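**Q** I'd like to ask you about the structure that follows.
The values are calculated or read from the model by the stated rules, or taken from the named source; none is laboratory data. Because the structure is a prediction, the values reported are computed rather than measured. Heads up, the Cβs are rebuilt from the backbone with ideal geometry, glycines too, and the neighbour counts pull from every protein chain shown. Accessible surface areas use protein heavy atoms only, side chains included; no ligands, DNA or RNA. Shrake-Rupley method; radii C 1.70, N 1.55, O 1.52, S 1.80 Å.
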Amino acid sequence: MTDTCNKRVSRRHVLAGVFGAGALAALATISKGTSFAEEATTLVAATGTLPVPEQLVATESDGVSVFTLAAGTGTDTTLISGKEIETAGYNGTFLGLTMIVSDGEKVRWDITNNLGDETTVHWHGLHIAPSADGGPQNVIEAGGTWSPETTINQGEACTLWYHPHGLGTTAEQVTLGLAGMLIVDDGSAENAALPHDYGADDSPIIMQSTAITSAGAFATTNNNFTASASTLKLLVNGFSATDTTPTLSVAYGRVRLRLLNASLTDSITLARSDGGALTQVASDAGLLAAPLSVSTLRISPGERAEIVLDLTAADTAVTLNATVRNTTNGTRYTVAMLQVGSTATTAADALPSVLNTIPALDATGATTRTFTLSNSGASMLINGIAGTTMDIMDANAVMTTLGAVEQWTITNSSTNIYHNFHLHDVPLQIVSVAGAAPTGANLGWRDTVEVVPGTSVVIRMQFTDYADNEFMYMLHCHNVIHEDDGMMLGLMVMG
Ligand code: C2O
Ligand code: CU
Ligand code: CU
């Protein structure tokens, strides 16, 4: 523990040195044990410099790492001149600080809700008991606090995130800025062989396709995304890449980018502007078996992916372009999303050729289920049900038992609307996509998977460790507008 704390302190110094004061000023800084209430954040950093969320350092209390979070509101006046846009954030006015936890670490979050509205905080992708999962049953009243505890029990190095998960309010709260990153270190040599010095050669890239209405508010409906009066902007760590391509300069020959699509509804496809390949090292829920070379990388809402960029020539920079597509897969726009450069003069060592071992779950005797994602106009359904109230969630909860292996067929029966499928609690393995064996990053652990209209994805998972007869996990489409409109069911794991 002491060792970890020391490393965290030294990372903070590296962060200041590498990313520079401009970026640091952009997001709230929290020191161990100090009060953060008066520390403000702004959306936009000094010209062109990518803001990087600071690390939220835990305080130590009786062997427990305590993370203090406060959800609160703010305003932004920089995105659109003359408009004051309402925002929200954790420990700041937009987005949240990054938490880094290790397998075996005892963790508590002390969360205060200063939003003036009820909220919840869900740990997307974290294997945690349902009573601490932050779903709709874990409401934190306005002015209230919530202090869930767990021992990190992930078994994989992964990039997770935290965000609100109320019934019908998730889109509104996420788009205001309530989203932050939660990084799990599994202690493996493979993870250690990848860049992992947060803020130095390891950076979050939180992407949000947003629309700002003529009234000056972040859009939460499809109509506002397409209305001609709305201004579309791709935000990267809160910085508008639509207005200026942000730059990230590192002092290393290799950088790890933890990509999160925190958009409400849009998918984002990344590609290098020079046509070069990208090296993907992780899917949503863990490292891939081996580094994967891809020409483009499509990330649907809620999904994460990790890539590493080799920046061996100190005088060249890599630009990542982002193509943003709507829920019917129509291209909205392409922007130069990020320019990454290095001051290093020596090349990085070779990447490890093996990153992970992913044993296939044995489906012998597995319970099978089917889930059909469909819509009736704007009403979004799973198996014909719109999960919009607690009564409906209770009455229609999927019931399984601790230890069960299950195999589910997820079918998108909408005519032209793309959906994806996210499951809480445990990671999943993809068995087939549209009838074909999975390839590429679909061979890795996932917690969110896109389902193209008219096709099915078959997934497999095992419900280990946590059971509860009162609290549910959720399964849903992570197009958050669809989720709010009912494309969500509860899952009970019975002991
Ligand atoms: Cu990202 Cu059910 O959540
Ligand atoms: Cu989740
Ligand atoms: Cu959907």
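**Q** Anything in the range 485-495 that is more than 14 Å from ligand 2 (Cβ to nearest atom), surrounded by fewer than 22 Cβ atoms within 10 Å (Cβ to Cβ) and not in a loop (DSSP other than H, G, I, E, B)? List them, or say none.
**A** Within the range 485-495, Met492, Met494 qualify.
**Q** Run Asp315 past the list (1) over 30 Å from Met380 (Cα atoms); (2) in a loop (DSSP other than H, G, I, E, B); (3) at pLDDT 95 or above; (4) not small (Gly, Ala, Ser) and report the number of the one that doesn't hold.
**A** Answer for Asp315: the failing condition is (3).
**Q** Within the range 456-463, does at least one residue satisfy the condition of being of a type in the set (A, V, I, L, M, F, W, C) and out of contact with any strand residue (DSSP E or B) (no Cβ under 9 Å at 6 or more places or on another chain)?
**A** Within the range 456-463 (the criterion being of a type in the set (A, V, I, L, M, F, W, C) and out of contact with any strand residue (DSSP E or B) (no Cβ under 9 Å at 6 or more places or on another chain)), the answer is no, since none of the residues qualifies.
**Q** On to the next question. Considering each residue of the range 118-145, count those that are more than 16 Å from ligand 2 (Cβ to nearest atom) and either more than 24 Å from Leu260 (Cβ to Cβ) or in the same structural domain as Thr464 (by TED's automatic domain parsing) (or both), and give that number.
**A** The qualifying residues number 7.
**Q** Sticking with this one: Of everything in the range 454-474 that's part of a loop (DSSP other than H, G, I, E, B) and within 16 Å of ligand 3 (Cβ to nearest atom), which residue is surrounded by the fewest Cβ atoms within 10 Å (Cβ to Cβ)?
**A** Here the answer is Gly454.
**Q** Which of the strands (runs of 3 or more DSSP E) contained wholly in the range 78-193 include at least 3 residues that are buried (at least 19 other Cβ atoms within 10 Å of the Cβ)?
**A** Correct list: 85-90, 99-102, 106-113, 122-124, 158-163, 180-185.
**Q** Output the residues belonging to the range 404-451 that are within 16 Å of ligand 2 (Cβ to nearest atom) and of a type in the set (Val, Ile, Thr).
**A** Ile410, Val426, Thr448, Val449
**Q** So if I check each of Asn356, Asn375, Asn329, Asn420, which one is at positive phi and either surrounded by 12 or more Cβ atoms within 10 Å (Cβ to Cβ) or assigned to a loop (DSSP other than H, G, I, E, B) (or both)?
**A** Unique residue meeting the criteria: Asn329.
**Q** Identify, please: which residue in the range 194-227 is among the aromatic types (Phe, Trp, Tyr) and open to solvent by less than 10 Å² (accessible area, probe 1.4 Å) and is, among those, farthest from Leu309 (Cα to Cα)?
**A** Checked the range 194-227; the qualifying residue farthest from Leu309 (Cα to Cα) is Phe225.
**Q** Does Gly341 qualify as being open to solvent by less than 30 Å² (accessible area, probe 1.4 Å), of a type outside the set (A, V, I, L, M, F, W, C) and either in the same structural domain as Ser456 (by TED's automatic domain parsing) or more than 30 Å from Met487 (Cα to Cα) (or both)?
**A** yes
**Q** Shifting gears a bit: Among Ser249, Ser230, Ser267, Ser263, which is touching a strand residue (DSSP E or B) at 6+ places or on another chain (Cβ under 6 Å), open to solvent by 10 Å² or more (accessible area, probe 1.4 Å) and touching a residue at least 24 places away in the same chain (Cβ under 8 Å)?
**A** Result of the check over Ser249, Ser230, Ser267, Ser263: Ser249.
**Q** How about the range 166-187: which of its residues are more than 13 Å from Ser263 (Cα to Cα) and under 13 Å from the mean Cα position of the chain (by Cα)?
**A** Once the filter is applied, which keeps residues that are more than 13 Å from Ser263 (Cα to Cα) and under 13 Å from the mean Cα position of the chain (by Cα), the range 166-187 yields Met181, Leu182, Ile183, Val184.
**Q** What about Gly454, is it within 13 Å of ligand 2 (Cβ to nearest atom) and of a type in the set (Gly, Ala, Ser)?
**A** Against the criterion (within 13 Å of ligand 2 (Cβ to nearest atom) and of a type in the set (Gly, Ala, Ser)), Gly454 does not qualify.
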